[in-house]
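The values are calculated or read from the model by the stated rules, or taken from the named source; none is laboratory data. Small disclaimer: the values here were computed from a predicted structure and weren't measured. No Cβ is skipped: glycine too gets one built from the backbone with ideal geometry, and neighbour counts run over all protein chains shown.
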Amino acid sequence: MNATPLANPSSGAHVRSVPGDLPGDLMEVSMGPHHPSTHGVFRMIVTLDGETIVRLKPVFGYLHRNHEKLAENTSYLGSMPYTDRLDYLNSMTNNWAYARAVEQLAGIAVPERAEYVRVILAELTRLLNHTCLAGFLMQDCGCSGTPLMYAFREREKILDLFESLSGSRMMCNYQRFGGCRVDPSAAWLAAAQQLVDGYGPFLDEFEALLTGNEILLARTQGVGRLSAALAINAGVTGPMLRATGVNYDLRKVDGYGVYPRFQFRIPLGEHGDVYDRYMIRILEMRESLAILRQALAGLPAGPIMNPAAKLRGFRPKAGEAYGRIEGPKGEIGFHLVSDGGPNPWRYHVRAPSFINLTILEDLCLGHTVADAVIILGSIDIVLGEVDR
Amino acid sequence: MLGSGILQGLLVTAKNFVGSFHDPARYTTLEYPEVKPALPEAYRNFPFLVCDNATDPLGTLRCVACQICEKECPPQCIYIEKSRDKKPDATGKPQIYPAVFAIDTSVCMSCQICVEVCPFDAIKMDQVFEVATTDRYAALLLDRGQLTKPNTYFHTIHPTEAAEVDARLAADRQAAEEKARVAALAKAKAPAAPQAPAAPVAKRDQTPESAP
Amino acid sequence: METLTQLRDRIAALFPAANVVLVTNPSPSAQHALRLDATHARAIATFLRDDPALQLDQCTNVTGIDWPEKEVVDVARTTVADPAGGAPRVVEEKTRRIEPGRLEVVYHLYSIALGHGPVVLRLVTGNRTDAVTLPSLTPVWRSAEFQEREVYDLFGIVFEGHPDLRRILMWDGFKDHPMRRDYREPDDYEWEPTPHGDVLAKAKLHYPAPAPTPAAPSAP
């Protein structure tokens, strides 16, 4: 842990260096873009002193398709299916964040039932994302297959719910400005209730498999520590931030939707290491189950769409809005600028996993390559969102 | 005790392993090509065009080539050319029809926005998913003939939605007939009314169908 | 939190030389903004972060916006009394002016410590060609590091004082800035069966005659 970080390369220089650039017997390793541990096409240029990381530069853009330019050339409605493809695990929360930004921009009210349904779907998405993350993190630890398959078995049940409601497992395209597209039937709600009832026992089993496992403790505790001050300054949000002990959850702070009506707690970490990040997600899933039980019990009858909301020919007045919600990976926000036309003049995605990567180098310095893999896994990135 | 966590984990794995042989809740794999998955009714993949009569699919298309879906389609995968002539639709009203209607399914992302914006219930979501071909361009570009499927097929894949659509269309047709009847009555009551506005309609009706 | 007007007045008192403008947002979101001048931006940002009443410790979102040069028609309505004694007339006077092109960076600030926000900051470049340098706020908020790199990459705004200003999403050898409104991609046309808009125009260039139709029209 005595390695000193190298100075940043000068402005405008390429990160990749010729061997002569490196002092002493440092070695440069390019991890990725095709590497099973990088969760997609992501590349890290790692400079090593022996096996210790002294510099790490992430390289992005292998999945870049200029989502924002696409949105500027499409109507407001037309961007909704594209938001599914940002963080393809969490299409429901992406939809909600975008719908919320547009609703703020145009001042559209959302019926109460739709708000409840949105909460139910967002919390199901949180369960889905955190279950997957725990599975992937174990995969990154070298625990090949078993926890990931258990996680995927449960995830598939949630995806079946999404499919029977929206028609698609992952690309839901479900939310609309001023409500939701389809009204969930009584049968669907019963199925959701059944899933919620069965999820607690699964989490117990999952934790029995993992939480006390000595190998997991040895690999994750004290690895990739993040301080609260750095996390706040670097814009880290979501479970990453709360693992450092900062009590900041938009569901409580902004109180958007109908979240203020539900009783739930915000789990906080103490050390900000990989283990805390894992544990926070497990605890958040239990709180999500509590929210789901309350929301399913209190779901009011009524319309699912605001009848005044327009589907076609939607042209909000000139102005701008930044709408954000607490996604499973952190704060997902949309910044929209309207000039009064049918397409947004500017459409920007505040992608949580992109901004959470800002501190990747800080977390990895002084650790080994194998640790960098689990640190990256614990940040929880999806490259569709990082590269946009 | 060191190692107790690992032993506990192994116990869980053993339980799942044994359970996967006799507990159906733990046996989740489907032998896919032999066993087809049960798709939920809402499942959607790729749009198709609805026609009312299976014996004359292209003659009874509901589509009137208004090009709204072409304009709203986010990845711009729909291509429509309007016809120059008109053909009577299901209610007997002369309508423009799509001379060309093509969907590039290599681009289509099954978002179903075309279905939502269609004012005529003419385009609906299909449930096909085994669409692999060896030709990237021609085989994935579906033309009017390949896209058209009868309303009975729509009933088999989305029964609830199809019943709703049929009821709505029937109500619309009845309302239109009612309106026409009332108009005809009013016309009969006022025989002195000038006949001029009716003339162009009558003239157009006489133009031969095979104009192009 | 104090209102944005009070905040502007407080900043104006603390930084007398600074030019701080309140930019109102007409949309129902009512997220108004403060436009700072480039010279004092970093000092004011540090003040916003450290002031005990504000503690805007998190810069959540950084966006660039491109505003190309455009012609604006200002309509001034004046009511003129009719000398003949009739009803007063409303006279519209139209003046045309050219709004110069500029690039803008928007920062959304929130306070985690106090739970308020957003405070929106805007910085504007002189034009879209040579005066595109703005001060980087990365020394104040680390979260701006990658986001300012993204704005540099996609809009071409140069952030002075950024520790590592390189392209981030596009590759190193890329020349242009793709999020500018007047960006045109190179003509690497590939045949598309259902062309629309720009693609259709290109298709016509590449396949002058006959125009590509996706399928032969079958007889009605």
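Scan the stretch A:355-370 and tell me whether some residue there is assigned to a helix (DSSP H, G or I), under 28 Å from A:VAL119 (Cα atoms) and in contact with a strand residue (DSSP E or B) (Cβ under 7 Å, 6 or more places away or on another chain). Yes - at least one qualifying residue is present in the stretch A:355-370.
Only one of the numbered conditions (1) assigned to a loop (DSSP other than H, G, I, E, B); (2) crowded, with 19+ Cβ neighbours inside 10 Å is violated by A:ARG281, and that is (1).
Tell me which residues, restricted to the stretch C:149-164, are surrounded by fewer than 22 Cβ atoms within 10 Å (Cβ to Cβ) and among the hydrophobic types (A, V, I, L, M, F, W, C). Result: C:VAL158, single match. Quick one: is A:ASP362 of a type in the set (D, E, K, R) and surrounded by fewer than 24 Cβ atoms within 10 Å (Cβ to Cβ)? Spelling it out, A:ASP362 is indeed of a type in the set (D, E, K, R) and surrounded by fewer than 24 Cβ atoms within 10 Å (Cβ to Cβ). Filtering the stretch A:82-114 to residues that are out of contact with any helix residue (DSSP H, G or I) (no Cβ under 8 Å at 6 or more places or on another chain) and over 26 Å from C:PRO26 (Cα atoms) leaves A:GLU112, A:ARG113, A:ALA114. Inspection of the stretch A:328-340 identifies at least one residue that is of a type in the set (Val, Ile, Thr) and in contact with a His (Cβ under 9 Å, 6 or more places away or on another chain). Across the stretch C:128-148, which residue is farthest from the other protein chains (Cβ to nearest Cβ) among those that are among the charged types (D, E, K, R) and surrounded by 24 or more Cβ atoms within 10 Å (Cβ to Cβ)? Per the stated criteria, the residue is C:GLU148. The test for being away from chain A (no Cβ under 14 Å) and closer than 26 Å to A:LYS310 by Cβ holds for B:ILE103.
When residues in the stretch A:293-328 are screened for being away from chain C (no Cβ under 14 Å) and under 23 Å from the mean Cα position of the chain (by Cα), 3 of them pass. Taking the criterion of being away from chain B (no Cβ under 14 Å), touching a residue at least 40 places away in the same chain (Cβ under 8 Å), among the small types (Gly, Ala, Ser) and out of contact with any strand residue (DSSP E or B) (no Cβ under 8 Å at 6 or more places or on another chain), the only residue of the stretch A:47-100 that qualifies is A:GLY61.
The condition of being at pLDDT 75 or above and part of a loop (DSSP other than H, G, I, E, B) holds for only one of C:PRO193, C:PRO178, C:PRO208, that being C:PRO178. Just one of the listed residues (A:ASN343, A:ASN356) is surrounded by fewer than 24 Cβ atoms within 10 Å (Cβ to Cβ) and more than 9 Å from chain C (Cβ to nearest Cβ), and it is A:ASN343. For the stretch A:295-346, a residue qualifies if it is among the aromatic types (Phe, Trp, Tyr) and either closer than 26 Å to A:GLY255 by Cβ or in a strand (DSSP E or B) (or both), and the qualifying residues are A:TYR322, A:PHE334.
Taken as a whole, the structure leaves B:PHE17 outside the set of residues that are in a helix (DSSP H, G or I), over 30 Å from C:ASP198 (Cβ atoms), more than 14 Å from chain A (Cβ to nearest Cβ) and not acidic (Asp, Glu). You will find that of B:LYS93, B:LYS124, the residue that is of a type outside the set (Gly, Ala, Ser) and within 13 Å of chain A (Cβ to nearest Cβ) is B:LYS124 and no other. Only one of the numbered conditions (1) closer than 15 Å to B:ASP52 by Cβ; (2) in contact with a Pro (Cβ under 9 Å, 6 or more places away or on another chain) is not met by B:PRO94, and that is (1). For the stretch C:37-72, a residue qualifies if it is part of a loop (DSSP other than H, G, I, E, B) and under 16 Å from the mean Cα position of the chain (by Cα), and the qualifying residues are C:ASP37, C:ALA38, C:PRO68, C:GLU69. Note on the stretch B:65-77: residues that are touching a helix residue (DSSP H, G or I) at 6+ places or on another chain (Cβ under 8 Å) and within 21 Å of A:ASP84 (Cα to Cα) amount to 5.
Determine if the stretch B:75-87 includes at least one residue that is of a type in the set (Val, Ile, Thr), within 14 Å of chain A (Cβ to nearest Cβ) and in contact (Cβ under 8 Å) with a residue 40 or more places away in the chain. No, the stretch B:75-87 contains no residue that is of a type in the set (Val, Ile, Thr), within 14 Å of chain A (Cβ to nearest Cβ) and in contact (Cβ under 8 Å) with a residue 40 or more places away in the chain. Looking across the stretch C:1-24 at every residue that is out of contact with any helix residue (DSSP H, G or I) (no Cβ under 7 Å at 6 or more places or on another chain) and in contact (Cβ under 8 Å) with a residue 24 or more places away in the chain, the one that is surrounded by the most Cβ atoms within 10 Å (Cβ to Cβ) is identified as C:LEU7. Taking the stretch B:22-48 as the range and being under 28 Å from A:ASN173 (Cβ atoms) and more than 13 Å from every other protein chain (Cβ to nearest Cβ) as the test, the residues that pass are B:TYR32, B:LYS36, B:PHE48.
Selection of the stretch A:247-274 for residues being more than 30 Å from A:PRO111 (Cβ to Cβ) and surrounded by fewer than 22 Cβ atoms within 10 Å (Cβ to Cβ) yields A:ASN247, A:PRO267, A:LEU268, A:GLU270, A:HIS271. Scanning the stretch A:241-283 for residues that are more than 19 Å from A:CYS364 (Cβ to Cβ), within 14 Å of chain C (Cβ to nearest Cβ) and of a type in the set (A, V, I, L, M) gives A:VAL246, A:LEU250, A:VAL253, A:ILE266, A:LEU268. Here A:ALA97 passes the criteria (1) out of contact with any His (no Cβ under 8 Å at 6 or more places or on another chain); (2) of a type outside the set (Phe, Trp, Tyr); (3) assigned to a strand (DSSP E or B) except the one numbered (3). Restricting C:GLN6, C:GLN31 to those that are assigned to a loop (DSSP other than H, G, I, E, B) and either farther than 26 Å from A:ASP339 by Cα or out of contact with any Lys or Arg (no Cβ under 8 Å at 6 or more places or on another chain) (or both) reduces the list to C:GLN31.
Residues in the stretch A:225-240 that are at the interface with another protein chain (Cβ under 8 Å from one of its Cβ atoms) and part of a helix (DSSP H, G or I): A:LEU230, A:ILE232, A:ASN233.
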